[in-house]
Amino acid sequence: MRNRFLNWIVLMALGTNAHATPLPAPTDAEIQEILADRIDKQQQSIGIVVGIIDANGRRIIAHGHPAKGDPRPVDGQTVFEIGSVTKVFTALLLADAMEKGTLSLSTPVATLLPESVIMPENKQTPITLGDLATHMSGLPRLPSNLVPADMSNPYAGYDAAKLYAFLSSHKPQRRPGVEHEYSNLGAGLLGHAIALKAGVSYEDLVISRIAVPLGMKDTAITQQPDWAERRATGHDAAMEPVSDWDLDALQGAGALRSTVDDLLLFLEAAMGKTASPLAPAFSALLSTRQPLGNGDRDQQALGWVVSGKGDEQFIWHNGGTGGYRSFVGYRPSTGVGVVALSNASTEVGVDDIGRHLLNRNAPLAPPIVERTAIVIDPARYDVYVGTYRLAPDFELTIFQDGDSLFAQATGQDRLEILPEAEHRFFTKLIDAQISFTLKGDRAESLTLHQGGQSSPAPRVSK
């Protein structure tokens, strides 16, 4: 899945300086240096594999190992969990079915589910497949009855019966089509519904409709016979080995495993660099777009996210599970595509590397600084409480809960923020800090420091 906190402010760094002088693409040696720094110095992964498509063809640059203590190198055939990059495959299945005339964006989800399932909707505005594919369904990020028995494998055991029970009891907070809210539940339901329509499992559908036509031999969910010596082991932020994730009814949200070699084949087809029977479906993915709600910087297409404008526009998706991070994206104006896979679940991940390789003006994330919280009287938190506007449709709400202070971005999870100096706070879960500017006894603005950028936000309400 996409890390719950990974794009807390989808990093304001996603928009690069449109007037900056274009820089030459990094060389293989420079990329190798980036990976060595990320792994050996910053200790933010055990192994990272990067694949690049450009005018000279494709190439692989890798550094590190498939597991802690394993001396073997990672390479283009190393198998990783790819998390929410799976969502692009799910959307492509929908687009392929649309091309075949068996489904459409306007198909109500309810028509594909058992009659016993009561969708959380009204007859005037049913939730459609298009709503699910663009995260406009009004469904929450996760179902409330997802109660993991094992937090190291949180989606295991969440089967169709539990999914149907949630849908039949959920009371929606908004109508579909009104507001974008990233939803693993919605993407998982989309994959489940498409598979029901096809009469086969989600995995079988991905393999038959996408992997086989594109020659992707290592893209699947279940362990393949020749993966034993090529599987990467996932690691947490402390670089300790963790369990892989198993998804059941929500496989369409993030269950796939793949390699850089395979994802380069996928990306070449998406970019139109290779002939493919899926070419019309790939084109259809970008024909429908919805605003992401953070100003005009980003749009949600079917599966893909579209960021930036003009020559700097790029099309991408990232992913994260308990032990892995992934990035797949391309820049139409330059014909460059990038895949980056890591076997560690760290906040920095590989998003910044992917963006930097697509546009060298996009900065790499700075090294994470170890921060220490100081003790202050929680009664002083009231001066910071309020809503601050980072973009026309993107706000950061600061609120107190008990003796703790929290920040919550539009459509995202709340994060506790801890004081490190007077009027300056940080969060342990992502590399981001907030500094407040006071006028009298109230904060009149804040500045978000994240991804090497400082983004001011005026206070708009208490």
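The values are calculated or read from the model by the stated rules, or taken from the named source; none is laboratory data. The structure presented is a predicted model; accordingly, all values stated were derived computationally and were not measured. Note that we place each Cβ from the backbone using ideal geometry, even for glycine, and neighbour counts take in every protein chain shown. Calculation scope for accessible area: heavy atoms of the full protein, side chains included, ligands and nucleic acids excluded. Shrake-Rupley method; radii C 1.70, N 1.55, O 1.52, S 1.80 Å.
The condition (being open to solvent by 20 Å² or more (accessible area, probe 1.4 Å), in contact (Cβ under 8 Å) with a residue 24 or more places away in the chain, charged (D, E, K, R) and not in a strand (DSSP E or B)) is satisfied by just one residue among 370, 420, 347, 395: 347. Does residue 299 count as open to solvent by 50 Å² or more (accessible area, probe 1.4 Å), touching a Lys or Arg at 6+ places or on another chain (Cβ under 7 Å) and over 30 Å from residue 153 (Cβ atoms)? Yes, satisfied.
Answer with yes or no whether residue 69 is at positive phi and either not in a loop (DSSP other than H, G, I, E, B) or not basic (Lys, Arg) (or both). Taking the combined requirement at face value, the residue satisfies it. Which of the residues spanning the range 257-278 are in a loop (DSSP other than H, G, I, E, B) and more than 21 Å from residue 98 (Cβ to Cβ)? Listed by number, the residues that qualify are 259, 273, 274. Output the residues belonging to the range 101-137 that are closer than 23 Å to residue 299 by Cα and surrounded by fewer than 12 Cβ atoms within 10 Å (Cβ to Cβ). The one that is closer than 23 Å to residue 299 by Cα and surrounded by fewer than 12 Cβ atoms within 10 Å (Cβ to Cβ): 106.
Between 248, 262, which is open to solvent by less than 30 Å² (accessible area, probe 1.4 Å), on the phi < 0 side of the Ramachandran plot and charged (D, E, K, R)? Answer to the selection: 262.
Cβ-Cβ distances below 7 Å connect the following pairs, each with a first residue in the range 275-286 that is under 18 Å from residue 208 (Cβ atoms), a second residue that is in a helix (DSSP H, G or I) and open to solvent by 50 Å² or more (accessible area, probe 1.4 Å), and a separation of six or more residues or different chains: 276/213; 277/213; 278/213; 280/99; 281/99. Go through the residues of the range 93-108 one by one and say whether even a single one is more than 19 Å from residue 251 (Cα to Cα), assigned to a helix (DSSP H, G or I) and in contact with a strand residue (DSSP E or B) (Cβ under 9 Å, 6 or more places away or on another chain). So far as the range 93-108 goes, no, none of its residues is more than 19 Å from residue 251 (Cα to Cα), assigned to a helix (DSSP H, G or I) and in contact with a strand residue (DSSP E or B) (Cβ under 9 Å, 6 or more places away or on another chain).
Of all the criteria given as (1) open to solvent by less than 60 Å² (accessible area, probe 1.4 Å); (2) more than 21 Å from residue 257 (Cα to Cα); (3) among the aliphatic types (A, V, I, L, M); (4) not in a loop (DSSP other than H, G, I, E, B), the one not satisfied by residue 196 is (1).
Considered as a group, the residues in the range 279-292 that are surrounded by fewer than 20 Cβ atoms within 10 Å (Cβ to Cβ) and not in a helix (DSSP H, G or I) include one that is modelled with the lowest pLDDT, and that residue is 291.
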